[in-house]
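For reference, the structure discussed in these notes is given below.
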2 protein chains.
Amino acid sequence: MASPHQKQTMKDRILQTADRLFYLKGIRAIGVDTISAEIGISKRTLYNHFPSKDALIAAYLEHRFVQPKPSDKSPVEQILGTFDALERRFGAKDFRGCPFVNAVAELGGEDKSVKEIAIAFKESRRLWFRDRLVELGVADPEGLATQLQLLVDGSIAQDLVRDDPAMARAAKDAARALLENAGVKVSSPDGAERNPGSAREG
Amino acid sequence: MASPHQKQTMKDRILQTADRLFYLKGIRAIGVDTISAEIGISKRTLYNHFPSKDALIAAYLEHRFVQPKPSDKSPVEQILGTFDALERRFGAKDFRGCPFVNAVAELGGEDKSVKEIAIAFKESRRLWFRDRLVELGVADPEGLATQLQLLVDGSIAQDLVRDDPAMARAAKDAARALLENAGVKVSSPDGAERNPGSAREG
DNA sequence: GCCAAGTTACACAGGTCTGTGTAACTAAAA
DNA sequence: TTTTAGTTACACAGACCTGTGTAACTTGGC
């Protein structure tokens, strides 16, 4: 949290470019030469800021691990809003699934640190759901949170292969049904919610 | 469908080995040298049977595209049994997610043919759910089938990163809730179903 | 002006990968 | 036996990869 509006450092530019290329094209598909060439710097400069490609990969994943912004909306709106945010992200042409799941799929069980951060991310999202469900006083917040997270990850995987934002709406419909089934009063079955979830769901 | 009990051909052995290694380690991570060395044949022989690695990748994915076996169980048992089968597969140490999703994640939107077969596979599984839901006479079989498929893919993605077969049980619980919510009578909320689903779910 | 930090160009080592070319070998069919 | 199809060993081309070494250059602060 340095001062805001600070000039973007070289390291930032490298990380930002690596992030975009790793995410869009795949980690193994992108070489350090490609990244440095894209920025217009020498490969040497890149290695002056990151000791290895592995370190850059780790920084990439840490960079993707962002927390949802706090919201003053009701828990139900926050939960359902997650799926509206997903639908918007699915519509963007630069969406290509969850970077953590993709990294695990690509780098395999070999790389333990990649798996660790992926697990941490998924669990943090599950806990986010759980906290909202606790607020709602549902009987089994842990279990229901897991189920909601399944819908999130399922719609991401489906959209990855189908390029179909409607997967997010299907997930939202299912989430609504599960919430109602748990005794939560859900107001509008239509899609009129405004300004939902917000934070990156990966 | 040649005569059964036929001797395994060289091509079969290559494909089988490529399947195992591609799936477990990743497509980009495995070179043709690794595959031929694993079988104990020369690289030349491999290229005598497959014109390129891309052709071998395509054969791998086609090989993974298997249809569920017909079943005489009730539609509800078949649907819920899918998740029992998933749980069993999650428990196996050689399970590493859905080969189609993984291939799309790894090879990116670049390779159009990979995406095509992945879409075809996912849609075939959705239709399998839909057909059972039509038998059950639910109001919106298309939509509910999509939702069930989201649970399948979500639990697969979650298990890929967490190595936790309980994800399949969570998906089953959610599926049961969605079915009941659609007016389907579901008998045993406990886990006593026997010999479910069976076919490979990717 | 001068220094120090950062950057650049460039070559290179050592490894991997896909795919080909070739000549010798093996084994089964004719 | 002879033919033929498949296989093998092996070298190699050409490309790409990660990472390093080095000497020259630019630039902001003093």
| query | Looking at B:125, B:130, which one is assigned to a helix (DSSP H, G or I), touching a Gly at 6+ places or on another chain (Cβ under 9 Å) and more than 10 Å from chain A (Cβ to nearest Cβ)? | reply | B:125
| query | Is it fair to say residue A:38 is within 16 Å of DNA strand C (Cβ to nearest atom), open to solvent by 30 Å² or more (accessible area, probe 1.4 Å) and among the charged types (D, E, K, R)? | reply | yes
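Of B:33, B:84, B:12, which residue is away from DNA strand C (no atom under 16 Å from the Cβ) and either surrounded by fewer than 16 Cβ atoms within 10 Å (Cβ to Cβ) or of a type in the set (Phe, Trp, Tyr) (or both)?
On inspection, the qualifying residue turns out to be B:12.
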| query | Hey, does segment B:174-184 have a residue that's more than 10 Å from chain A (Cβ to nearest Cβ), in a loop (DSSP other than H, G, I, E, B) and either over 17 Å from the mean Cα position of the chain (by Cα) or at pLDDT below 95 (or both)? | reply | yes
| query | Before we move on, is residue A:27 open to solvent by less than 10 Å² (accessible area, probe 1.4 Å), aliphatic (A, V, I, L, M), near DNA strand D (Cβ under 9 Å from one of its atoms) and within 14 Å of chain B (Cβ to nearest Cβ)? | reply | yes
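Would you check if residue A:50 is in contact with a Leu (Cβ under 8 Å, 6 or more places away or on another chain), assigned by TED's automatic domain parsing to the domain that holds residue A:134 and hydrophobic (A, V, I, L, M, F, W, C)? Even if it seems obvious, please write down each step before you answer.
Numbers: in contact with a Leu (Cβ under 8 Å, 6 or more places away or on another chain): yes; assigned by TED's automatic domain parsing to the domain that holds residue A:134: no; hydrophobic (A, V, I, L, M, F, W, C): yes.
For residue A:50, the condition - in contact with a Leu (Cβ under 8 Å, 6 or more places away or on another chain), assigned by TED's automatic domain parsing to the domain that holds residue A:134 and hydrophobic (A, V, I, L, M, F, W, C) - is not met.
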| task | Being open to solvent by 50 Å² or more (accessible area, probe 1.4 Å), within 12 Å of DNA strand C (Cβ to nearest atom) and either within 14 Å of chain A (Cβ to nearest Cβ) or in a loop (DSSP other than H, G, I, E, B) (or both) is the filter here, so list the residues in segment B:41-68 that pass it. | result | B:42, B:51
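Kindly indicate whether residue B:71 is open to solvent by 50 Å² or more (accessible area, probe 1.4 Å), in a loop (DSSP other than H, G, I, E, B) and of a type outside the set (Lys, Arg).
Details: open to solvent by 50 Å² or more (accessible area, probe 1.4 Å): yes; in a loop (DSSP other than H, G, I, E, B): yes; of a type outside the set (Lys, Arg): yes.
So residue B:71 fits the description; yes.
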| Residues of segment B:1-23 being among the hydrophobic types (A, V, I, L, M, F, W, C) and modelled with pLDDT of 95 or more, which ones? | B:14, B:15, B:18, B:21, B:22
| said: Just the residues that are open to solvent by 20 Å² or more (accessible area, probe 1.4 Å), in contact with a helix residue (DSSP H, G or I) (Cβ under 7 Å, 6 or more places away or on another chain) and among the small types (Gly, Ala, Ser), please, taken from segment B:161-188. | reply: B:182
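Applying the selection to segment A:87-100, what residues are part of a helix (DSSP H, G or I) and either within 16 Å of DNA strand C (Cβ to nearest atom) or open to solvent by 20 Å² or more (accessible area, probe 1.4 Å) (or both)?
From segment A:87-100, those part of a helix (DSSP H, G or I) are A:87-91, A:99-100; that's our starting set.
Once the filter is applied, which keeps residues that are part of a helix (DSSP H, G or I) and either within 16 Å of DNA strand C (Cβ to nearest atom) or open to solvent by 20 Å² or more (accessible area, probe 1.4 Å) (or both), segment A:87-100 yields A:87, A:88, A:89, A:91.
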| message | Out of everything in segment B:135-158 that is more than 10 Å from chain A (Cβ to nearest Cβ) and not in a helix (DSSP H, G or I), what residue ends up being surrounded by the most Cβ atoms within 10 Å (Cβ to Cβ)? | response | B:138
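The values are calculated or read from the model by the stated rules, or taken from the named source; none is laboratory data. In this text, all values refer to a predicted model and were calculated from it rather than measured experimentally. So basically every Cβ, Gly included, is an ideal-geometry build from the backbone, and we count neighbours across all protein chains shown. Just the protein is used for accessible areas: all its heavy atoms, side chains included, with ligands, DNA and RNA removed. Shrake-Rupley method; radii C 1.70, N 1.55, O 1.52, S 1.80 Å.
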